[in-house]
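The values are calculated or read from the model by the stated rules, or taken from the named source; none is laboratory data. Since this is a predicted model, take the numbers as computed values, not measurements. Because the Cβ atoms are built from the backbone with ideal geometry, glycine has one as well, and the counts that use them run over all protein chains shown. Heads up: the accessible areas ignore ligands, DNA and RNA and are worked out on the full protein's heavy atoms, side chains in. Shrake-Rupley method; radii C 1.70, N 1.55, O 1.52, S 1.80 Å.
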Amino acid sequence: MLYFRHPACLAHDPALVMPGHPERPERLIAVERALEAREWLGCEVREAPLASAAELELAHSAEHVASIEAFCAAGGGAIDADTYAVEASWEAARRAAGGACAMVRALLGGEDAVGFCGTRPAGHHAERERAMGFCLFDNLAVAAELAVREPGVERVLVVDWDVHHGNGTAEIFRRRDDVLVANIHQEGIFPGTGALADVGSGAGEGFTINLPAPGGSGEDVWLSLLEHIVVPAGREFEPQLVLVSAGFDAHRADPLAGCLLETESFAAMACQVRDLAAELGAPLGAVLEGGYDVGALAESVVATLAAFGGEGEAVSAAPDPLFTSRAAAQIGHYWEL
Ligand SMILES: [Zn+2]
């Protein structure tokens, strides 16, 4: 396994501009400490390179990229009510996107079958023209755009299991049939998008899968939606690359949301996605998104990476009678479930 990190990702720090903000450097410090205690699970640890402007512009307008650069150069501050940047955020954000690009290049180049980017700021809320939801650039979207430009890569599957709907990634690929974006998220919380009935638009109709789970949902609902909706659709889609927006804020300890996953639930989801990628012969890359209880985050990243590396066996979940059936009725118009 390859693991991408960079110390510059710790310098994106809310202390001066939004003190008390939950997206703070301590998250990564805890993740890295937990991985060190497990000898990085045998991963080859690499430095995340800087994304170039041309790479960022694969998923963002040149104006947005230039505006983030200028905002950081001027010292930063609050971009909106919950998104901040400081001077050092410009490098951190380019390391986060650059790590995702380097990971995809290495995976598609056959250097390894599994990669993980332990970087921040996160990305899946950032839109083509706008930073939001703690995110400056959509790291995964940049990497997915890079991937579909590679010869032999016609389709990329994105699985987003962060508790918040990944509105940025969803919008960037809404009209596309080469990137299938499947989201499992808590219904009714930030950012308010991701309704089951939103299946994409135009040529992309059916290539957006939104699976909202009500607050209070636990592993039974989440694993059922993953196993019985996302996995069969992903299998039929036959991607050459699988990317995961790996957020860990559906953990029961998380302060920002109300789902009830356990640390082991992330391992169980990781086993499902790992086995799907292996069956398809597609490499698997994940990028860190949310997760705001630092202890739960660190444990859950370790559990996920261990599963990606082969620990544990996928266990079949009983189809949830209410939410999975409702989702199957909608998604089954497009995919053989
Ligand atoms: Zn989140």
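Listed values, structure above:
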{"read-out": "Selection status of Ala143, closer than 22 Å to Ile209 by Cα, out of contact with any Phe, Trp or Tyr (no Cβ under 9 Å at 6 or more places or on another chain) and free of Cβ contacts under 8 Å to residues at least 60 places away in the same chain", "value": "no"}
{"read-out": "Residue check, Gly192 more than 21 Å from Ser316 (Cα to Cα) and within 16 Å of the ligand (Cβ to nearest atom)", "value": "yes"}
{"read-out": "Some residue of region 140-147 being open to solvent by 10 Å² or more (accessible area, probe 1.4 Å) and more than 24 Å from Gly310 (Cα to Cα)", "value": "yes"}
{"read-out": "Cβ-Cβ under 6 Å pairs, at least 6 apart or on other chains, region 181-205 side in contact (Cβ under 8 Å) with a residue 12 or more places away in the chain, far side aromatic (Phe, Trp, Tyr) and open to solvent by 30 Å² or more (accessible area, probe 1.4 Å)", "value": "Gly200/Phe207"}
{"read-out": "Single residue of region 134-178 satisfying the filter (among the small types (Gly, Ala, Ser) and not in a loop (DSSP other than H, G, I, E, B)) that is farthest from the ligand (Cβ to nearest atom)", "value": "Ala147"}
{"read-out": "Residue ID - farthest from the chain's Cα centre (by Cα), chosen from residues in region 182-220 that are part of a loop (DSSP other than H, G, I, E, B) and among the polar types (S, T, N, Q)", "value": "Ser201"}
{"read-out": "Subset of region 249-274 (residues that are in contact with a strand residue (DSSP E or B) (Cβ under 7 Å, 6 or more places away or on another chain) and within 13 Å of the ligand (Cβ to nearest atom))", "value": "Ala250, His251, Ala257, Gly258, Cys259, Leu261"}
{"read-out": "One residue from Ala268, Ala253 being at pLDDT 95 or above and more than 17 Å from the chain's Cα centre (by Cα)", "value": "Ala253"}
{"read-out": "Some residue of region 284-293 being over 15 Å from the mean Cα position of the chain (by Cα), open to solvent by 30 Å² or more (accessible area, probe 1.4 Å) and away from the ligand (no atom under 16 Å from the Cβ)", "value": "no"}
{"read-out": "Matching residues in region 278-311 - criterion: being charged (D, E, K, R) and without any contact (Cβ under 8 Å) to a residue 60 or more places away in the chain", "value": "Glu279, Asp293, Glu311"}
{"read-out": "First in region 312-326 and free of Cβ contacts under 8 Å to residues at least 60 places away in the same chain, second anywhere and open to solvent by 40 Å² or more (accessible area, probe 1.4 Å) and not charged (D, E, K, R), Cβ under 9 Å, 6 or more apart", "value": "Ser325/Pro319"}
{"read-out": "Filtered residue count, region 11-34, keeping only those that are more than 19 Å from the chain's Cα centre (by Cα) and either within 17 Å of Arg94 (Cα to Cα) or in a loop (DSSP other than H, G, I, E, B) (or both)", "value": "10"}
{"read-out": "Options Gly234, Gly200: the member that is more than 16 Å from the ligand (Cβ to nearest atom), within 22 Å of Phe116 (Cα to Cα) and crowded, with 21+ Cβ neighbours inside 10 Å", "value": "Gly234"}
